[in-house]
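Asks: Below is a structure I'd like to ask you about.
The values are calculated or read from the model by the stated rules, or taken from the named source; none is laboratory data. In this text the structure is predicted, and so the values were computed from the model without any measurement. Note that we place each Cβ from the backbone using ideal geometry, even for glycine, and neighbour counts take in every protein chain shown. Note: areas computed on protein heavy atoms with side chains; ligands, DNA, RNA excluded. Shrake-Rupley method; radii C 1.70, N 1.55, O 1.52, S 1.80 Å.
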Amino acid sequence: MTDAAASDKSSTDLLPARMLNEFAYCPRLFYLEWVQGEWEDSADTIEGRYHHRRVDRPGGAAPMWAERSESDHPPPDGPDTESSRGEPQGDDADAGADSPIRARSVLLSAPRLRLIARIDLLEGEGLNVTPVDYKRGEVPDTPEQSWEPDRVLLCAQGLILRENGFSCHKGMLYYVASRRRVEVPFTPELEARTLELVQQALEVAEAGQIPPPLVDSPKCPRCSLVGICLPDETNLLKAGVPSLSGPGETTRSDEGSDHAGTEPEVRRLFPARSDAMPLYVQEQGAQVRRSGERVVVSIRGETRADVRVLDISQVCLIGNVQISAQALRDLAGRGIPICHFSYGGWFTALTTGLTNKNVELRCRQFETAANPQRSLELARRFVAAKILNSRVLLRRNHTDRPEEALDALARLAEEARAATSVESLLGIEGTAARIYFSHFKGMLKPPQTSAGELGFDFEGRNRRPPRDPVNALLSYAYSLLVKDFTVTLLAVGFDPYLGFYHRPKWGKPALALDMMEEFRPIIADSVVITVINNGEITRSDFVVGAGGTALTEPGRRRFIAAYERRLATLVRHPVFGYSVSYRRVFEVQARLLGRYLLGEIPEYPGFVTR
C-alpha cells in the first residue's frame, strides 16, 4: 500500500488523518480546508513546511501489506526509551539508525476506517512499527506534553498501520524547536476518541453545512484560515447587528467625520494590509522572467526591476510585454495571477493557476443568480451603497456643497433599497449618476481651462473612447478596479462572470462589476480627483487621437502609483470597527458575500463610508 508518489487527493472518499487534526482543533477549519478546499499560508505554515522539508522527501522502505492478523505480529518487547532522546540530525544520522525500518513520507490508507495518512517517519523492526510526526514548535506545557489534535492524528496513523497488518501501540511527536520526542501511547481512551472524531468529521463533511465559527476563541488568532473564516465578523452579523447600509444611515449627523465611532468592534485577526504588492510592467518590449525566487524585468538585456516573488501579489502586463513560460507557470502555481492589459489600458485577459476548489460556493452563486428575487435583494444593496458613497464624495470634495444634489442622492439611495424590479433599479441608478456627474467638475481644482485647450473641464461622462482627460482617467481607474475585483473574486471562489445586478453579456465580468459599484466613487473617482487637484497628472500627460484621449506612459505610471496608494490606505471598516487597507476590504466584502450566499449571515452588508 505504500506509494509515496501518490497524492493524498487520490482517494477523495478517505479522510486524510491530518484533517482529523484540523477537526479536533476546530470543525469549521476542517470544513473550510477539506470540504471547500480553502487554503491560506501564514508564517506558521511556511515555517512548518520548512521544518518538514526533510521528512516530506520519500526515503527508506517500509514493508508492504501482508495479509496477516494482528495476532501474528506481537508488540515489540519492552517499552521504547526514546521519549527523551533528541532527533538525530542529518541524513548520516538516519543511515546509522538501529531500526531496520526507517522510512519517510509513507502513504498508507485504511479503507475500513475510511482514513488515509502520509506518515512523516516510520520506524520499527519487522512489522512492529512506530509513527513519528514532526511538529515545528516546542513541547507544550501540558500534563501530556502534547495537544489533543496532535495525539489524535498520531493515533489515527497507528490505527491505519494496524489495518495494514502492522503492530503499533504508540507513536512519537518530535518537536523541532525543543529537539525532543514525546511518546504518545495509544490507550483505549485515545483510540475511542480518535474513532469518535473520525465518525463526526465524516458526518459533518457529508452534511454539507459549514459548522459555526468559534466564539471569541484564543485558537482563532493562530489559525491560518482566519481571514477566510471571519469568525468574529460572522458571529457579529449573525447576531443581527445592523450594517451602515441599513435604513437611516443617510440621516446621521456624520458631516466631517470619516467614520462612526459607535459601531461594535471585533478583533482584527488578520494583517491590516498585505506586504505583497502588484508588479506593473508597462514599458513596451519588456521581458519578464523568473530567476530563482525572484522575478526579473529587462529591456534589451538591461535589468529594470528585480523583485522577490514573495513581494508580488499580482503581475500586470500592459501592452507588448513578454513573459517566459517558466515565469508564467511558477507565478500561477503560487497563486499569483497575471493580468493582461491592452496598450490603451483595457483589461483583456487573466492567467491564474487552477481555480479555487470551493465548488459549494459557486453552486450557491449560480442558484442565487437564477433567483430573480434574491438577485434583486443583492442588487439593491450594491446600488444603494454606490449612491451613498457618491454622495459622500460630493459632500467632502465639492467646493460649493450642492445641498439639493446631496438630498436627492440620499432620497435615491432609499428608493434603491425599496426598488421592486431591476428595471426600476436601473432607472434609479441612472438618475443618481446623472446628478452625481453633473456636479463632478465642482470637485476639480481648477475645473476650467481656456477654450480649445486640453484641460480638466468635465461636462459629463463619456467613454469608448473617452473624449477628454477626466473621462480618460475615470475609464482607466474603472478598468483597474474591474481587474482587482476579478482577481479577488476568483481567489475567494466565485465565478466573476456571473453577477446578480449586471447580467451575463459579451464576456463581461458581471460579478466584478456588481462588487465594484460601491467602490467606484471612493476608490476610482477619488483617485482621479486627487491626481488632478494635487497636480500629479497634468495636461501634458495625455495624447489625443482618433476621437479619443489617453494617458501617456509616464502619466499612466503616476496614475497607477496613486491608485495603489489609495488601495493601501487604511480605512476603518464601518461595520467591524477595525482598520484595514482598501485592498483587504475588497476581500472581506467578497467573503461576506460568500457567507451570505451560504446562509451564514442574514444579509450582505454593503461598504459605505461617511
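Asks: Looking at the range 331-377 only, could you name the residues that are more than 20 Å from Gln282 (Cα to Cα) and among the aromatic types (Phe, Trp, Tyr)?
Replies: Phe366
Asks: In the range 169-185, which residues are among the charged types (D, E, K, R) and in a strand (DSSP E or B)? Walk me through it before giving the result.
Replies: Taking the range 169-185 as the starting set, the residues that turn out to be among the charged types (D, E, K, R) are 170, 179-181, 183.
Those that are among the charged types (D, E, K, R) and in a strand (DSSP E or B): Lys170, Arg180, Arg181, Glu183.
Asks: I'd like the full set of residues that are among the small types (Gly, Ala, Ser) and at positive phi, limited to the range 493-511. Step through it out loud before you land on a result.
Replies: Looking only at the range 493-511, we keep the residues that are among the small types (Gly, Ala, Ser), and these are 493, 499, 507, 510.
Listed by number, the residues that qualify are Gly493, Gly507.
Asks: State all residues of the range 123-168 that are part of a helix (DSSP H, G or I) and among the hydroxyl-bearing types (Ser, Thr, Tyr); if no residue qualifies, say none.
Replies: Going through the range 123-168, the residues part of a helix (DSSP H, G or I) turn out to be 148-163.
The answer is none; no residue qualifies.
Asks: Just to be sure I understand the filter: pairs with C-beta atoms under 8 Å, separated by 6 or more residues or on different chains, first member in the range 523-551 and within 14 Å of Val470 (Cβ to Cβ) and hydrophobic (A, V, I, L, M, F, W, C), second member part of a loop (DSSP other than H, G, I, E, B) and open to solvent by 40 Å² or more (accessible area, probe 1.4 Å). Which pairs pass?
Replies: That search, which allows pairs on different chains as well, returns Ile532/Lys445; Phe542/Leu454; Val544/Leu454; Ala550/Gly344; Ala550/Pro465.
Asks: Right, another one. Looking at the range 533-543, which of its residues are in a loop (DSSP other than H, G, I, E, B) and surrounded by 13 or more Cβ atoms within 10 Å (Cβ to Cβ)? Walk me through how you get there before you give the answer.
Replies: Applying the first criterion (in a loop (DSSP other than H, G, I, E, B)) to the range 533-543 yields 534-538.
Of everything in the range 533-543, those that are in a loop (DSSP other than H, G, I, E, B) and surrounded by 13 or more Cβ atoms within 10 Å (Cβ to Cβ) turn out to be Glu536, Ile537, Thr538.
Asks: Taking the range 300-339 only, how many residues are of a type in the set (Asp, Glu) and open to solvent by less than 70 Å² (accessible area, probe 1.4 Å)? Steps first, answer last, please.
Replies: First, pick out the residues of the range 300-339 that are of a type in the set (Asp, Glu): 302, 306, 311, 330.
With open to solvent by less than 70 Å² (accessible area, probe 1.4 Å) added as a condition, the list becomes 311, 330.
Residues flagged as of a type in the set (Asp, Glu) and open to solvent by less than 70 Å² (accessible area, probe 1.4 Å) within the range 300-339 amount to 2.
Asks: So which of Asp216, Asp258, Asp254, Asp232 ends up being assigned to a loop (DSSP other than H, G, I, E, B), of a type outside the set (Lys, Arg), modelled with pLDDT of 80 or more and over 30 Å from Ala117 (Cα atoms)?
Replies: Numbers: Asp258 fails: modelled with pLDDT of 80 or more; Asp254 fails: modelled with pLDDT of 80 or more; Asp232 fails: assigned to a loop (DSSP other than H, G, I, E, B).
Result of the check over Asp216, Asp258, Asp254, Asp232: Asp216.
Asks: Now a separate question. Collect the residues in the range 408-427 that are in a helix (DSSP H, G or I) and either within 33 Å of the chain's Cα centre (by Cα) or closer than 29 Å to Asn533 by Cβ (or both), keeping them in residue-number order.
Replies: First, the residues of the range 408-427 that are in a helix (DSSP H, G or I): 408-417, 422-427.
Those that are in a helix (DSSP H, G or I) and either within 33 Å of the chain's Cα centre (by Cα) or closer than 29 Å to Asn533 by Cβ (or both): Ala408, Leu409, Ala410, Arg411, Leu412, Ala413, Glu414, Ala416, Arg417, Val422, Leu425, Leu426.
Asks: Which residues, taken from the range 5-57, are of a type in the set (Gly, Ala, Ser) and either at pLDDT below 90 or farther than 25 Å from Gly171 by Cα (or both)?
Replies: Hits for the range 5-57 are Ala5, Ala6, Ser7, Ser10, Ser11, Gly37, Ser42, Ala43, Gly48.
Asks: Okay, moving on. Just checking, which of Ala546, Ala524, Ala472, Ala491 is more than 17 Å from Thr569 (Cβ to Cβ), open to solvent by less than 20 Å² (accessible area, probe 1.4 Å) and hydrophobic (A, V, I, L, M, F, W, C)? I'd like the intermediate steps shown before the answer.
Replies: Numbers: Ala546 fails: open to solvent by less than 20 Å² (accessible area, probe 1.4 Å); Ala524 fails: more than 17 Å from Thr569 (Cβ to Cβ); Ala491 fails: open to solvent by less than 20 Å² (accessible area, probe 1.4 Å).
Testing whether each residue is more than 17 Å from Thr569 (Cβ to Cβ), open to solvent by less than 20 Å² (accessible area, probe 1.4 Å) and hydrophobic (A, V, I, L, M, F, W, C) leaves just Ala472.
Asks: Report, ordered by the first and then the second residue, all pairs with beta carbons closer than 9 Å, sequence separation of six or more or different chains, a first member in the range 276-288 that is more than 14 Å from Ile336 (Cβ to Cβ) and open to solvent by 20 Å² or more (accessible area, probe 1.4 Å), and a second member that is assigned to a strand (DSSP E or B) and hydroxyl-bearing (Ser, Thr, Tyr).
Replies: Hits for this filter: Gln287/Ser298.
Asks: Sticking with this structure for a sec: Output the number of the condition that Tyr596 fails; it satisfies all remaining conditions of (1) open to solvent by less than 10 Å² (accessible area, probe 1.4 Å); (2) within 20 Å of Ile228 (Cβ to Cβ); (3) of a type in the set (Phe, Trp, Tyr).
Replies: Status for Tyr596: all satisfied but (1).
Asks: Checking the conditions here, which among Arg136, Arg112, Arg102, Arg162 is closer than 22 Å to Asp44 by Cβ and not hydrophobic (A, V, I, L, M, F, W, C)? Write out each step before concluding.
Replies: Values: Arg112 fails: closer than 22 Å to Asp44 by Cβ; Arg102 fails: closer than 22 Å to Asp44 by Cβ; Arg162 fails: closer than 22 Å to Asp44 by Cβ.
Every option except Arg136 fails the conditions.
Asks: Continuing with this model, one more query. With respect to Phe485, is the statement that it is over 19 Å from Cys316 (Cβ atoms) and either among the polar types (S, T, N, Q) or open to solvent by less than 10 Å² (accessible area, probe 1.4 Å) (or both) true?
Replies: On the way: over 19 Å from Cys316 (Cβ atoms): no; either among the polar types (S, T, N, Q) or open to solvent by less than 10 Å² (accessible area, probe 1.4 Å) (or both): yes.
The answer is no for Phe485.
Asks: Search the range 494-521 for residues being open to solvent by less than 10 Å² (accessible area, probe 1.4 Å), closer than 26 Å to Ile435 by Cα and without any contact (Cβ under 8 Å) to a residue 60 or more places away in the chain, and hand back the single one that is farthest from the chain's Cα centre (by Cα).
Replies: Here the residue is Ala510.
Asks: Residue under question is Leu350, and the condition is that it be closer than 25 Å to Met516 by Cβ and touching a strand residue (DSSP E or B) at 6+ places or on another chain (Cβ under 6 Å); does it hold? Before you say what the answer is, go through the steps one by one.
Replies: Numbers: closer than 25 Å to Met516 by Cβ: yes; touching a strand residue (DSSP E or B) at 6+ places or on another chain (Cβ under 6 Å): yes.
Yes, satisfied.
Asks: Scan Phe576, Phe607 and give me the residue that is at negative phi, in contact with a His (Cβ under 9 Å, 6 or more places away or on another chain), surrounded by 21 or more Cβ atoms within 10 Å (Cβ to Cβ) and not in a helix (DSSP H, G or I). Full working, then the answer.
Replies: Numbers: Phe576 fails: in contact with a His (Cβ under 9 Å, 6 or more places away or on another chain).
Answer to the selection: Phe607.
Asks: From the list Ile336, Ile312, Ile323, which one is in contact with a Ser or Thr (Cβ under 8 Å, 6 or more places away or on another chain) and more than 21 Å from Leu513 (Cα to Cα)? Can you show your working first?
Replies: Working: Ile312 fails: in contact with a Ser or Thr (Cβ under 8 Å, 6 or more places away or on another chain); Ile323 fails: in contact with a Ser or Thr (Cβ under 8 Å, 6 or more places away or on another chain).
Exactly one residue qualifies, and that residue is Ile336.
Asks: Filter the range 175-197 for residues that are open to solvent by less than 10 Å² (accessible area, probe 1.4 Å) and in contact (Cβ under 8 Å) with a residue 60 or more places away in the chain and give the result. Break it down into steps so the answer makes sense when it comes.
Replies: Let us first name the residues in the range 175-197 that are open to solvent by less than 10 Å² (accessible area, probe 1.4 Å), namely 175, 181-182, 184, 194, 197.
Within the range 175-197, Arg181, Val182, Thr194, Leu197 meet the criteria.
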